[in-house]
Amino acid sequence: MIKISIKYFKDEEVSKLINSINKYLGFNFPTERIIGIKSYGSKSKKILARCWAMSKIFKLAGLEIHYAIEVIGERWDNLSLDEKEKIIIHELLHIPFSFGGGLKPHKGWVTNKRVNKLWLEYKKSKLRS
């Protein structure tokens with residue numbers, strides 16, 4: 001049996017997209033406390049990205065990162081910039097505006113309709129600046 005482990009890397013492309021989308025959509029998240037991660041080796045067949053909330057124990061230990069957005073490298077690397085932007089918007093929607101450590105569910109909040117609407121706003125905002 002071959003055991004494949006997931007490898008995680010801090011990713012500047014993901015972090016730059018997080019910062020840009022946060023800025024142009026006015027989410028006002030403290031993006032220095034959201035880390036962009038790219039992973040390789042996931043066995044998942046469908047997942048393109050995940051949002052992780054760090055538990056309170058990490059915050060109590062003085063770690064400044066409160067959320068991580070992980071993209072699955074094998075799929076991410078082949079996507080267009082538009083698709084990458086939509087994925088990051090989707091993952092940012094999981095983070096509550098209170099930045100309190102929880103995650104918002106898909107039902108009624110993180111929807112394709114909302115992601116596409118925000119993506120169009122993002123594109124327009126970037127063109128205006």
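Do you know the relative contact order of the chain, to the nearest whole percent, from alpha carbon pairs under 8 angstrom that are 6+ apart?
Numbers: 168 pairs, mean separation 32.4, N = 129.
Dividing the mean separation by the residue count of the chain yields 25 percent.
Have a look at segment 9-63 and give its Rg and Dmax from the Cα atoms, expressed in angstrom.
Answer for segment 9-63, Rg first and Dmax second: 13.2, 35 Å.
How would you rank Leu127, Leu17, going from fewest to most other Cβ atoms within 10 Å of each one's own Cβ?
Going from least to most buried by this count: Leu127, Leu17.
For semi-axes √(5λ) of the Cα gyration tensor in Å, the choices are [x] 29, 21, 12; [y] 33, 22, 10; [z] 23, 20, 14; which was calculated from the structure?
It is the one labelled [z].
How many nm is it between the label spots at Lys59 and Asp82, if each spot is 7 Å from the Cα in line with the beta carbon?
Distance between the two pseudo-spin positions: 3.8 nm.
Sort 93-101, 42-50 by packing, meaning the average of other beta carbons within 10 Å per residue, with the highest value first. Walk me through the numbers on the way to the answer.
Values: 93-101: 14.9, 42-50: 12.6.
Put in order of decreasing packing, that is 93-101, 42-50.
Run the simple label-point estimate for Arg114 and Lys7 please: 7 Å along Cα→C-beta, distance reported in nm.
3.6 nm
From Cα coordinates alone, what are the radius of gyration and Dmax values for segment 63-109 in angstrom?
Cα radius of gyration and Dmax of segment 63-109 are 12.4, 33 Å respectively.
If the cut-off is 24 Å between C-alpha atoms, which lysines fall inside it for Lys124, apart from same-chain ones fewer than 8 positions away?
Lys16, Lys23, Lys84, Lys86, Lys113
No lab work stands behind these numbers, since they all come straight from the coordinates. None of the values given here were measured: they were computed from a predicted structure. Note: ideal-geometry Cβ built from the backbone for every residue, glycine included; neighbour counts use all protein chains shown.
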